[in-house]
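Read the structure below first, then the notes.
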Amino acid sequence: MELLTDEEIRELRCHARDIRTTIVEMLAEAKSGHTSGPLGMADIFAALYFRVLHHDPKNPDLPERDRLILSNGHIVPVRYAAMAHAGYFPVEECLTLRKFGSRLQGHPERDMLPGMETTSGPLGSGLSQSCGYAYAARMDGKTFRIFCAMSDGEQEEGNTWEAVMFAGKYRLNNLTAIMDRNNIQIDGNTEDIMPLEPIRDKYEAFNWHVIEVDGHNIPQFIAACDEAKAVREKPTLILAHTIPGKGIPTIENDYRWHGNPPGKGPVDKIPADKQKQVFLDEIKASQ
Amino acid sequence: MINPEAKLAGNIFDKPAMASTREGFGKGVVEAGQTDERVVVLTADLAESTQAHHFQKAFPERFIQCGVAEQNMATVAAGMALYGKIPFFTSYAAFSPGRNWEQIRTTIGINNVPAVVCGMHAGVSVGPDGATHQALEDIALMRSIPHFTVISACDSEEGRKATIAAAKLGSPVYLRWGRDKSPVMTTSDTPFEIGKANVVWQARQGEALPCVAIFATGHLLYQALVAARQLEGEGVAVTVTNVHTIKPLDKETILREARAAGAVVTVEEHQIAGGFGGAIAELLAQECPLPIEFIGVHDKFGQSGEPKELIEHYGMGASHIVAAVEKVAARKK
């Protein structure tokens, strides 16, 4: 395991802040989309695109690249922002999110944007696609890894558990799943809507290796990815505890921001432009 | 008379060889696996009744048992296709594409990857299992998804060819299969090309032009041929076209036969709503509106029984086709 230098950690945090800034700008421009989830996953996506993944923004089809499957497609603004800052496409293109003719669809489409790996949005099927990918890659002796980013809410889908069973049976050790455990979903807190705990025990019972991390502690997350690589006998779940809306204290942990963009908040009716500026100031101050 | 160019078996009205269409899948997928190492087969606890066990025996390392989990099977297949494999995934049509339709739509259809959905036990001719297992809606489900090719083979030999062709297509395919043994009409010499319908019965040379064009898909093609032969004996000339590819339709052949006859009967073992007949009607309504009669299941579920009695009960036998021909001929202006 390579230890990160303080300078490297600082750089990754800067990337995370840039990603958050872009998320707010693109959602404000789109006037629709999800705010909480993308902000909560900004640190993890910064770590993935700027440290963990083997990839090449100038060659998105690099055969030996690590594959990142995004299962909960509604948080795709964090992926678009991370990809743009990593050099896949100009950051300005992020402002086309959800607009007619844009490559940046409201939920991601594989055919639209190089590097997108798959289409997602309907919940619960990303993990099983990752399983198929991992199984096929192992058949051919490929050494790249398959990462699946998924939400906690989609643990309510039966399809997710079919995949958990499959990965456990076939000991897919080239698969690392990352669960955004932010405890919220559209209609409320997960434990009110449909309790998920004890989620760690459930995965372990299905023959997974589970590592719990603070999803905003970048070195801890990177260390977990390294540990997953070293686990030879089973797939790994990184159970990442995150704060939805992270970086904007006034909306953190409030499920009512799950599906709303700036300007369409649950209580105060502030114009999108004004709220965007407030959010950007908060992100700046929170670093 | 049988169109000689169709190169059908010589004995189809006497003692035809009998085999289920799914047996053609079992053979075809092994052949596809022999010529292309990318071919893999998945099943959801139904290896034998889907005939996937032949592939399992030939290529155990390329066979993936998914357990009773059709949503996972479809999406695992999607992941494998994204990687670069050519997965055929097998279950009963009532469950796949019945239960996992959204997964198929999103992860195979929108992704536009070459996964092959193999829906077995389609139609009431499943027999004793009853309505829950008799898929009558799968054509409607699958032909409405963009990027998908939809094929319903008329017999096991055509099914074998369709499977081999599906492996080479490079885009999403739905293959529909029946459980019960049915006459093997085609031979290895019978032409088969995805998207190309075959005229298998034509008017005798020198006789009057055909008065009705029959379009059939799946094993009921045989019932259409039996009906055509009876009608010929009664001096009524018809054509019978085997439309194995329901999507994309062979517009040229279908429009040519329909225009020549001036009236149409469609034959399928499926709900009338949204099915093969509907696809023909959509085409004709745009290009040359004509009277049509639909042979199929009219907004009912199946039930337990023997395949033959169920086909008769739901009005899909040769006698029903004869009646439909007479009815639609009378509607011609």
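Where Rh denotes the Kirkwood radius from the mean inverse Cα pair distance, what is Rg over Rh for the range B:18-183? Radius of gyration over Kirkwood radius for the range B:18-183 works out to 0.92.
The Cα atoms of chain B cover 57, 38, 35 Å along the three principal axes, with the biggest extent listed first. Find, among the GluC sites (Glu not before Pro) in the range B:196-293, those assigned to loop by DSSP (not H, G, I, E, B) with at most 12 other beta-carbon atoms within 10 angstrom. Taking the range B:196-293 and a limit of 12 other Cβ atoms within 10 Å, the loop GluC sites (Glu not before Pro) found are B:207, B:234. Taking other Cβ atoms within 10 Å as a rough exposure proxy, A:179, B:18 sort from fewest to most as B:18, A:179.
GNM on chain A, alpha-carbon springs under 10 angstrom: the most fluctuating residue among A:72, A:173, A:189 is A:189.
Inter-chain neighbour count for A:116-127: the average number of beta-carbon atoms from partner chains within 10 Å of each residue's beta-carbon is 5.
Taking the charge dipole of the protein assembly as shown about its Cα centre, with +1 at Lys and Arg Cβ atoms and -1 at Asp and Glu Cβ atoms, the residue from B:98, A:236, B:174 reaching farthest to the positive side is B:174.
Residue B:136 sits among other residues whose Cβ lies under 12 Å from its own Cβ, and their net charge, with Lys and Arg +1 and Asp and Glu -1, is -3. Given the range A:6-286, what whole percent of its Cα pairs are spread farther than 37 Å? Tail of P(r) above 37 Å: 8 percent of Cα pairs. Averaged over peptide B:104-110, the number of partner chain Cβ atoms lying within 10 Å of each residue's Cβ comes to 5. Based on alpha-carbon centroids, what's the gap between the range B:182-197 and the range A:177-249 in Å, whole number please? Here the answer is 53 Å between Cα centres. Between residue B:17 and residue B:102, what is the label-point separation in nm under the 7 Å Cα-to-beta-carbon projection? Between residue B:102 and residue B:17, the label points sit 4.5 nm apart.
With a simple spin-label model that places each label point 7 Å from the Cα along the Cα-to-Cβ direction, the separation between residue A:232 and residue A:64 comes to 2.1 nm. Sum up the charges of everything whose Cβ sits under 14 Å from the Cβ of residue B:294, counting Lys and Arg as +1 and Asp and Glu as -1, but leave residue B:294 out. Summing Lys and Arg as +1 and Asp and Glu as -1 gives -2.
Based on alpha-carbon atoms, the Kirkwood radius and the radius of gyration of the protein assembly as shown give Rg/Rh equal to 1.06. Estimated from the Cβ-Cβ distance and a Förster radius of 30 angstrom, the FRET efficiency linking residue B:300 and residue B:330 is about 0.70. So, counting K/R as plus one and D/E as minus one, what does the shell of residues with Cβ under 11 Å around residue B:202 add up to? Counting the neighbours of residue B:202, the net charge comes to -3. Counting other Cβ atoms within 10 Å, keep those with at most 16, restrict to DSSP loop, and tell me which trypsin sites (Lys or Arg not before Pro) in the range A:17-120 are left. Qualifying residues, ordered by number: A:31, A:58, A:99, A:103. Loop-resident GluC sites (Glu not before Pro) (DSSP state other than H, G, I, E or B) in the range A:56-115 with no more than 10 further Cβ atoms inside 10 Å of their Cβ: A:64. The value given for the range A:1-155 is a Kirkwood hydrodynamic radius of 15.9 Å, derived from the mean inverse Cα-Cα separation.
Just so you know, all these numbers are worked out from the coordinates, no wet-lab data involved. Since we're looking at a predicted model, the values are computed, not measured. Positions of Cβ are backbone-derived with ideal geometry, glycine not excepted, and every protein chain shown enters the neighbour counts.
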